[in-house]
Amino acid sequence: MKFRTIALVLFIVVLATLGGIVATAFYGESADLPAEAGYGGQPKLPPPETQRVPTLGLVKAVGWPAGESPTVPEGFSITAFATGLDHPRWLYSLPNGDVLVAETNAPAESRHCNALLSVVGGRIMDYVGAGVTSADRITLLRDTDGDGVADVRQPFLTDLHSPFGMLLHEGHFYVANANAVIRFPYTEDVTAIDAAGEHVVDLPSELNHHWTKNLFAGERENTLLVTVGSNSNVGECGREAEMNRAAILELDLTTRELRPFATGLRNPNGLDRHPVTGALWTSVNERDELGSDLVPDYVTAVRRGDDFGWPHFYYGNVVDPRVDTAGWPAPGKPARRPDYAVGAHTAALGIAFTHRSALPENWRSGLLVAQHGSWNRRPPSGYKVIYIPFTHGRPAGPPRDLVSGFLMQDGARGRPVGVIVDGTGGLLVADDAGNTIWRVAARQ
């Protein structure tokens with residue numbers, strides 16, 4: 001561990017010295033498999049190889065030149081719904097059509113249990129455009145004339161603590177801060193909430209290596225679901241640091257208690273329900289430092305009581321040789337295999353089913369996945385929004401690119417995070433490196 005972290009620190013120092021000269025910086029072995037091998041219901045999983053010095057494939061965030069935008073297929077249009085935002089990451093659509101965006105980033109106290117790795121992680125985040133100070137704000141965007149561009153921009157909630165998940169539920173507006181769920185009284189059509197927030201429950205927040213917390217309505221009455229990522233890659237910070245982490249938790253709003261809903265999910269983010277079957281789906285960022293081909297991120301249906309195996313296993317029964325089994329007893333039952341892989345190190349974040357969208361018919365029965373993009377794969381992966389077709393509630397075929405062009409030779413113009421279908425049926429994509437929300441629609 002010490003050799004690895006020192007080598008990484010030296011590598012990052014070199015990058016910092018070069019500054020804007022280097023658009024893409026690589027260290028370590030390249031992928032043996034094409035990126036497509038890590039997609040689908042049966043991804044290729046080569047034997048794991050523990051790396052003494054992990055692969056890095058850093059792409060510098062450069063922003064969008066004036067007049068340029070991401071690429072969409074023929075028959076679509078893409079426009080900037082809102083620009084000049086401060087690291088927009090997550091989106092939420094209110095019933096009246098207003099759009100809320102969490103302008104946010106990791107809290108200042110977020111760190112790894114290894115101090116040197118915290119330094120390395122900070123340098124990496126700076127380089128790829130994710131090292132900005134959190135604005136700690138939710139902003140309201142309203143398109144009053146229906147032209148696909150927000151003409152009202154208003155701070156909706158301020159002085160939050162790295163907010164991420166948002167949910168309107170039973171007359172209250174809930175926010176998942178990095179350290180707690182809070183709620184506010186909500187009145188339809190308001191452009192700002194001035195009332196003091198009510199603390200609902202603390203969330204696991206020590207270290208907060210993975211700090212994002214998402215919210216979704218629970219399947220049981222008066223419950224919410226909360227995603228909480230791990231504090232480590234494969235449990236190296238110890239079992240105590242992972243209590244109620246790497247999981248989707250169920251919050252009982254009557255008792256204010258948290259209990260596991262599904263476990264063994266290294267870093268779950270997006271949540272949505274299939275509009276026909278009602279099944280809950282999530283996106284998960286899998287583990288690192290096994291090379292460019294491992295381990296694929298995934299989207300999967302999640303049932304109460306599921307355990308997906310982190311940190312001991314990935315993809316059902318593949319053993320991770322690095323896990324200290326003395327400190328981490330193996331699960332008492334077989335791990336659940338994920339449903340659909342979406343590529344190694346693509347950083348799958350926001351998801352949204354498209355059934356209620358106004359997209360063309362052959363794009364209206366599947367799942368959208370925003371891939372934030374890799375920092376540890378050669379060549380880089382992700383940096384796009386993909387569409388996975390579904391049939392009878394299940395993935396049915398290879399993915400298709402819907403929004404791409406974020407990754408160019410001079411660096412990353414942007415990085416997609418949150419994705420929603422807005423009140424008019426268009427698709428909104430939060431681009432945190434480009435400080436823009438893009439709107440995709442069928443071309444008229």
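The values are calculated or read from the model by the stated rules, or taken from the named source; none is laboratory data. Given the structure is predicted, the values throughout are model-derived calculations rather than measurements. Positions of Cβ are backbone-derived with ideal geometry, glycine not excepted, and every protein chain shown enters the neighbour counts. Calculation scope for accessible area: heavy atoms of the full protein, side chains included, ligands and nucleic acids excluded. Shrake-Rupley method; radii C 1.70, N 1.55, O 1.52, S 1.80 Å.
Couple of notes before you dig in:
- Cα-only radius of gyration and Dmax that characterise the stretch 99-206, units Å: 16.3, 52
- FRET efficiency, Asp159 to Thr191 (Cβ-Cβ, R0 25 Å, nearest 0.05): 0.90
- Percent RCO, i.e. relative contact order, over the chain, from Cα pairs under 8 Å lying at least 6 residues apart: 19 percent
- When the alpha carbon gyration tensor of the stretch 393-444 is reduced to an equivalent ellipsoid, the three semi-axes, largest first, read 21, 17, 11 Å.
- Taking only Cα atoms of the chain, radius of gyration then Dmax in Å: 20.4, 62
- Karplus-derived 3J(HN,Hα), 6.51/-1.76/1.60, for each residue of the stretch 208-221, Hz, glycine and proline x: 6, 4, 9, 9, 5, 10, 9, 10, 7, 5, x, 7, 8, 4
- Solvent-accessible surface of the chain, averaged per residue with a 1.4 angstrom probe and all protein chains in place: 40 square angstrom.
- Cut-off under 5 Å, modelled amide H: who pairs with Tyr340 long-range: Val299
- Listed residue pairs exceeding 24 Å between alpha carbons, taken from Lys44/Lys213; Lys44/Lys384; Lys60/Lys384: Lys44/Lys213
- Fraction in percent of alpha-carbon pairs per bin - 10 Å, the stretch 54-128: 12, 31, 33, 19, 5
- 5 angstrom amide H check on Gly434, placed H, neighbours 5+ away: Arg415
- Cα gyration tensor category, rounded, prolate or oblate, for the stretch 41-80 with a/c compared to 1.5: oblate
- Furthest towards positive pole of dipole, Leu58, His274, Thr227, structure part the chain, Cβ charges: Leu58
- When the helices of the chain are scored as -39500 (n - 2.57) per DSSP H run of n ≥ 4 and the total is divided over every residue, the value at 222 nm lands at -2000 deg cm²/dmol.
- Among the GluC sites (Glu not before Pro) within the stretch 204-258, those in coil by DSSP and having at most 12 neighbouring Cβ atoms inside 10 Å are Glu221.
- Label-to-label distance, Val53 versus Glu240, with points set 7 angstrom from Cα along the beta-carbon direction: 3.4 nm.
- For the stretch 50-195, the relative contact order is 20 percent, taking Cα pairs closer than 8 Å that sit 6 or more residues apart in sequence and dividing their mean separation by the residue count.
- Simple spin-label estimate for Glu219 and Arg322 in nanometres, 7 Å along Cα-Cβ: 3.3 nm
- Amide N of the stretch 399-438 lying under 16 Å from the label point, which is placed 7 angstrom from the Cα of Asn362 along Cα→Cβ: 399-403
- Projected area, mean over directions - the stretch 164-221, Cα convex hull, nm²: 4.7 nm²
- The stretch 288-351 shape via C-alpha gyration tensor axes, a/c threshold 1.5: oblate
- Both numbers refer to the Cα atoms of the stretch 356-434; Rg and Dmax are 13.5, 42 Å.
- Spherically averaged projected area of the stretch 322-382 from its Cα convex hull (nm²): 7.1 nm²
- The dipole here belongs to the chain: it is taken about the Cα centre, uses +1 on the Cβ of Lys and Arg and -1 on the Cβ of Asp and Glu, and is about 1040 debye.
- Debye log10 I(q)/I(0) for the stretch 207-331, one point scatterer per Cα, at q = 0.20, 0.21 Å⁻¹: -1.14, -1.24
- Computed lengthening from Arg400 to Asp202, 0.36 nm per intervening residue step minus Cα-Cα distance: 67.4 nm
- Each residue of the stretch 256-272 was assigned a 3J(HN,Hα) from its phi angle through the Karplus curve 6.51 cos²θ - 1.76 cosθ + 1.60 (θ = phi - 60°); the sequence is 6, 9, 10, 9, x, 9, 8, 10, x, 9, 3, 8, x, 10, x, 9, 7 Hz, with glycine and proline shown as x.
- Mean projected area in nm² (Cα convex hull; one quarter of hull surface) for the stretch 115-176: 6.8 nm²
- Whole-Hz Karplus values for the stretch 182-189 come out as 10, 9, 9, x, 10, 10, 4, 6 Hz, taken residue by residue from phi with 6.51 cos²θ - 1.76 cosθ + 1.60 and θ = phi - 60°; glycine and proline positions read x.
- Each Cα pair under 8 Å and six or more residues apart adds its separation to the average, and for the stretch 265-350 the resulting relative contact order is 34 percent.
- Kirkwood Rh and Cα Rg combined as Rg over Rh, evaluated for the stretch 247-403: 0.99
- Protein accessible area in the chain, 1.4 Å probe - carbon and sulfur %: 51 percent
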